Amino acid sequence: MPSLAEARQYVATDRVSGELQLELLKREGCVPESCVLEVGCGCLNAGLPLIGYLKRGRYVGIEPNRWLLDAGLRTTRARWLVAAKRPTFLERTDFDAAGLGRTFDYVLSHSVLSHCAHWQLEQFVANVARVLRPGGRILASIRLAEGNAYGSRGSPDKEDSLDEEWQYPEVSWFAFETVKQTAERHGLKAAVKTEYTKFYVSRRPREFHDWLVFSAVS
């Protein structure tokens, strides 16, 4: 059975990365009373800080790789938090939490869109948009084809990579115009938060993802 250290090596993030993600959510207005859906919760690098921060029953995590989740739940602290805060976990590949019959103030997703097939961007936006509460926000990292000033050179031609399958550990690329149009088809607007990338790389220099915030079109 893989260890937590092996799981963290596989996802290439750690507890520091998770704490940074929680800070970004707080900057978007997340409070302990908020309901949060994390898409791609992995071994709970962000999940455990979030579960600890949120009130009981306010966290839902989606993770298709059960072994990652099991590794994250193996520590005494994790087991205590789960018993105290009663999070919900879903083992799905389609980013869909609608079956719970719940809606969320925030959706968090780090290092998922940066590896997904081209068609999965539409699937992601469609499925998380329908469980987002009015006024809710989606905070997601991605690799924009245009690149950024913090280490990402972007795709060679600065266009969508048009991958047909999941790319892990390789990366997939999306032009911002593609993201924008996809968001608009589902009643959302997308904004690039360069200040979040700057903040993130100050602590995690190799995680120079672009950060997006999706919100409902007013």
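Laboratory data are not the source of any read-out in this text; all were calculated from the coordinates shown. Bear in mind the structure is a predicted one, so any value in this text is a computation, not a measurement. Cβ: placed from backbone, ideal geometry, glycine included. Neighbour counts: every protein chain shown.
So the values come out like this:
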read-out: Those lysines that a straight Cα-Cα span of less than 18 Å connects to Lys198, excepting residues fewer than 8 apart in one chain; value: Lys26
read-out: Translational D in µm²/s for region 68-206 (Stokes-Einstein at 20 °C, 1.002 mPa s, Kirkwood Rh from C-alpha pairs); value: 128 µm²/s
read-out: DSSP-loop trypsin sites (Lys or Arg not before Pro) across region 131-218, with at most 13 other Cβ within 10 angstrom; value: Arg153, Lys158, Arg203, Arg206
read-out: Gap separating the Cα centres of region 40-107 and region 203-217, nearest whole Å; value: 20 Å
read-out: Cα gyration tensor shape of region 158-218, rounded if a/c is under 1.5, else prolate or oblate by comparing a/b with b/c; value: oblate
read-out: Value at 222 nm in deg cm²/dmol, rounded to 500, when DSSP H runs of n ≥ 4 in the chain each add -39,500 (n - 2.57); value: -10000 deg cm²/dmol
read-out: Max mean-square fluctuation residue, GNM over the chain, Cα-Cα springs under 10 Å, options Ala46, Ala12, Ala183; value: Ala12
read-out: Distance between modelled label sites at Arg185 and Tyr168, nm, 7 Å Cα→Cβ extension; value: 2.4 nm
read-out: Anisotropy class of region 15-150 from Cα gyration tensor, a/c 1.5 cut; value: rounded
read-out: Gain upon complete extension [Arg74, Thr103; 0.36 nm per residue less C-alpha separation]; value: 7.6 nm
read-out: Antiparallel bridge percentage (DSSP; both residues within the chain; nearest 5); value: 40 percent
read-out: On Cα atoms only, tilt of 76-85 relative to the major axis of the chain in degrees; value: 90 degrees
read-out: Within region 1-35, GluC sites (Glu not before Pro) in DSSP loop having at most 13 other beta-carbon neighbours inside 10 Å; value: Glu33
read-out: Simple Cβ-charge dipole of the chain, Lys/Arg +1 and Asp/Glu -1, about Cα centre, in debye nearest 20; value: 1200 debye
read-out: Sequence-distant aspartates and glutamates (8 or more away, or on other chains) whose Cα lies within less than 13 Å of Lys193; value: Glu28, Asp210
read-out: Crossing angle, helix 15-27 versus the chain [Cα axis fit, 0-90 degrees, rounded to tens]; value: 70 degrees
read-out: Coarse-grained scattering of region 1-62 at q = 0.24 Å⁻¹, given as base-10 log I(q)/I(0) from a Debye sum over alpha-carbon atoms; value: -0.98
read-out: Neighbour-limited loop hits for GluC sites (Glu not before Pro), region 103-162 (at most 15 other Cβ within 10 Å; DSSP other than H, G, I, E, B); value: Glu159
read-out: With Cα atoms, 0 to 90° folded angle of helix 118-129 axis to the chain main axis; value: 50 degrees
